[in-house]
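Accompanying notes for the structure given below.
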Amino acid sequence: MSDKPDLSTGEPRSDSSGDAYVGLLTQIMTQTLDQDYLDVAQRRESSSGDSPPRWQVGAVAVLLLFGLMLGLAALNTAQEKPVVAAERAELIEQIESNQGKLDNQQATLASLSDEVTKLQQLLAANVADDRLLTNQLTSLGIDAGTLAVTGPGVEVTVDDSGYSVGESGGVILDSDLQLLVNALWQAGAEAIAVDEHRMTTLTAIRFAGEAITVDYRSLTPPYIIEATGDPDTMPARLLETRAGQAWLDLEANFDIQFEVVAKDKVSIPGDARDNLLYAEAKGAS
Amino acid sequence: MIAVFGLVLGVLAGLWLEPSIPAALQPYLPIAVVAALDAVFGGLRAHLDGIFDDKVFVISFVSNVLIAALIVYLGDQLGVGGQLSTGVIVVLGIRIFSNVAAIRRHVFHA
Amino acid sequence: MAVLLAALGFAAVAQMRLTGADDDYSGQRRENLIELLESLAAAADRTQTQIDELEQTREELLSSSERRQIAVEEARQRLEVLTVLTGTAAAAGPGVTITITDPEAAVTSTNLLNGIEELRDAGAEAIEMNDRVRVVASTSFTERDGEILVDGVKLPSPYSIEAIGSSHTLSEAVIFRGGLADEIERLGGKVSVEKADLVEVQSLHSIDAPEYSQPTES
């Protein structure tokens, strides 16, 4: 390998030039020296003599340039390194802080979602409770008379006789109406109104001055009493009561109007009063 | 000897003067340096083989640098600049390796 | 040779250490890092949107739950009043205890009904008779074989009436001229009224679900 012909990298190339195909890698590995050096060297052997001095200067200049490039490249890289590293560090820092933020958000999201689910379940459960409460309010409201009701029932119309006021017997008294309402309850009424005044546990039928008052309001005859209940049995049951008998007597003897009519539908107003001043409930029903 | 002196002078000048390279050329400097390195080692080996020629050296140096830069530029335009510069560096690296191996054989006779 | 191999081993281990010790991002290129950052930001945006939506939902749920709480509170108060009015709960409050003796058995259900109406007129809120029968709107007074039945329950004399309301107004209502006291005394009985700061009405009226009455649709 010490003599020139052996060293020449041109030999494998001249061999391979005959070949149809030489692997690219093989070519790269073997042909590492510029062919030109060999060509020039062969030419020089025949003509002899050194290359002209201007090319020598060129070679030095090129080396100078190379040195310059080397220095610059080194300098550049050295300058860029901290910048690149800093940028990278900043990037990583941002990524990590974003990661942390996202983790926090996801934790918040999870707890929020939990809370919302619980609230929804609570509300759903409440809806059932509320329905129960509403049903209770409704059925108690009907019984207490605070809710207006509609249903089949009877309508009783009573009126004073044509006799002049003051003539005994011909005028309906508060006790007559009390007994009539009492008899209607007895006959199975569920709700009763006298001249559109709902009968509640607080409602009194009284006589004040010259007029009957219901719920502190004066009424004038004829009085219309409406009651919900079984329209088929109520009229008969009403007339069987002692009050019913008494009213029939009144009708027969004093020409007082007493008319009981079964109705498919009667509307009974509610009495909105539902606050108590003195009584307090002890224990729920 | 003059050549080595020129090289050292160039490095020092580069470090000292810190001439600013246009930003457009900056990405091509490292690849140009590697290409130049290939030419320099090729020249060194030729020198040791006794077939060194200044003209060939100058031409191979300049063309190496230009072609390497051109290939990478082309790669950048095609969107494969990173991969292409890797390829160029692999090829040049192999050449540098074998040239350095030849130089080593000359220097250490082994 | 041994030195060379030792150096190789040392270098290999050192490099492995270095790689292992570095963070998760050491192998990542800058572009990948930027991409990661962007996808993180997008994920954070999406999550924030979800959080905002959920927070709104929560606010709505909370406010509706709060509104419901108020409504339920009102409903419970009304329910409490209704239980007293319907006689389905025991009640307590100031009022009077009226005792009616009837040695001649002359007192009729009409007299008692009239007395109850007088008490209602005087603002009685809860009434109980003989500690046994709660008097509500639908309570009926009847007679059978000379005995008085209230809501179908036989009540022997002496009769006692407990009423909750203004004790003064209630006692006035009983003893005013021509009132219950006069009437009973006319029948040979005796009426005594006792005012009390606390009257307890214990007996309950049980209600059946109405069969014929529907709440009027408003």
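Please go through the stretch A:222-249 and pick out each residue that is part of a helix (DSSP H, G or I), hydrophobic (A, V, I, L, M, F, W, C) and crowded, with 20+ Cβ neighbours inside 10 Å.
Of the residues in the stretch A:222-249, the ones part of a helix (DSSP H, G or I) are A:234-240, A:242-249.
Going one step further and asking which of them are hydrophobic (A, V, I, L, M, F, W, C), we end up with A:234, A:236, A:238-239, A:243, A:246-248.
Matches in the stretch A:222-249: A:Met234, A:Leu238, A:Ala243, A:Trp247.
Being without any contact (Cβ under 8 Å) to a residue 24 or more places away in the chain, more than 20 Å from A:Lys81 (Cα to Cα) and β-branched (Val, Ile, Thr): is that true of B:Val33 here? It is false that B:Val33 is without any contact (Cβ under 8 Å) to a residue 24 or more places away in the chain, more than 20 Å from A:Lys81 (Cα to Cα) and β-branched (Val, Ile, Thr). Against the list (1) open to solvent by 30 Å² or more (accessible area, probe 1.4 Å); (2) in contact with a Pro (Cβ under 6 Å, 6 or more places away or on another chain), the condition A:Arg198 fails is (1).
Filtering C:Ala92, C:Ala42, C:Ala11 for residues that are assigned to a helix (DSSP H, G or I) and modelled with pLDDT of 80 or more leaves a single hit, C:Ala42. Condition first: away from every other protein chain (no Cβ under 11 Å), modelled with pLDDT of 90 or more and not in a helix (DSSP H, G or I). Can you find one or more residues in the stretch A:207-216 that meet it? Within the stretch A:207-216, not a single residue is away from every other protein chain (no Cβ under 11 Å), modelled with pLDDT of 90 or more and not in a helix (DSSP H, G or I). Would you please name the residue that is nearest to B:His109 (Cα to Cα), looking only at residues in the stretch B:30-46 that are facing chain A (nearest Cβ under 7 Å) and open to solvent by 20 Å² or more (accessible area, probe 1.4 Å)? Among those that are facing chain A (nearest Cβ under 7 Å) and open to solvent by 20 Å² or more (accessible area, probe 1.4 Å), it is B:Val40. Taking the stretch C:189-218 as the range and being more than 28 Å from the chain's Cα centre (by Cα) and open to solvent by 30 Å² or more (accessible area, probe 1.4 Å) as the test, the residues that pass are C:Lys190, C:Ser192, C:Val193, C:Glu194, C:Lys195. When you check B:Asp49 against the structure, is it within 12 Å of chain A (Cβ to nearest Cβ), farther than 22 Å from A:Ala74 by Cα and in contact (Cβ under 8 Å) with a residue 12 or more places away in the chain, yes or no? When the stated conditions are applied, B:Asp49 passes them. Checking B:Phe52 against (1) under 14 Å from the mean Cα position of the chain (by Cα); (2) under 19 Å from A:Leu64 (Cβ atoms), only one condition comes out false. Which one? Failing condition for B:Phe52: (1).
I want to confirm something. Restricting to the stretch C:96-126 and keeping residues that are under 20 Å from C:Lys190 (Cβ atoms), in contact with a helix residue (DSSP H, G or I) (Cβ under 7 Å, 6 or more places away or on another chain) and touching a residue at least 60 places away in the same chain (Cβ under 8 Å), which single residue is farthest from the other protein chains (Cβ to nearest Cβ)? First the steps, then the outcome.
Taking the stretch C:96-126 first, the residues under 20 Å from C:Lys190 (Cβ atoms) are C:96-116, C:118-119.
Retained after the next criterion (residues that are in contact with a helix residue (DSSP H, G or I) (Cβ under 7 Å, 6 or more places away or on another chain)): C:96, C:98, C:100, C:107, C:110-111, C:113-115, C:118-119.
The next check asks that each one be touching a residue at least 60 places away in the same chain (Cβ under 8 Å); those that pass are C:96, C:98, C:100, C:107, C:111, C:114-115, C:118.
Details: C:Val96: 11, C:Ile98: 16, C:Ile100: 18, C:Val107: 15, C:Asn111: 10, C:Asn114: 6, C:Gly115: 11, C:Glu118: 7 Å.
Top of the filtered list is C:Ile100.
Taking first residues from the stretch A:140-159 that are over 17 Å from A:Leu276 (Cα atoms) and part of a loop (DSSP other than H, G, I, E, B) and partners that are modelled with pLDDT of 90 or more and open to solvent by less than 10 Å² (accessible area, probe 1.4 Å), the Cβ contacts under 7 Å between residues at least 6 apart in sequence or on separate chains come to A:Ala148/A:Ile268.
Pick from A:Leu64, A:Leu132: which is part of a helix (DSSP H, G or I), within 30 Å of C:Thr83 (Cβ to Cβ) and open to solvent by 40 Å² or more (accessible area, probe 1.4 Å)?
A:Leu132
The values are calculated or read from the model by the stated rules, or taken from the named source; none is laboratory data. Bear in mind that the values here come from a model prediction, so they are computed numbers and not experimental data. Positions of Cβ are generated from backbone atoms using ideal geometry, with glycine treated the same way; all protein chains shown enter the neighbour counts. Calculation scope for accessible area: heavy atoms of the full protein, side chains included, ligands and nucleic acids excluded. Shrake-Rupley method; radii C 1.70, N 1.55, O 1.52, S 1.80 Å.
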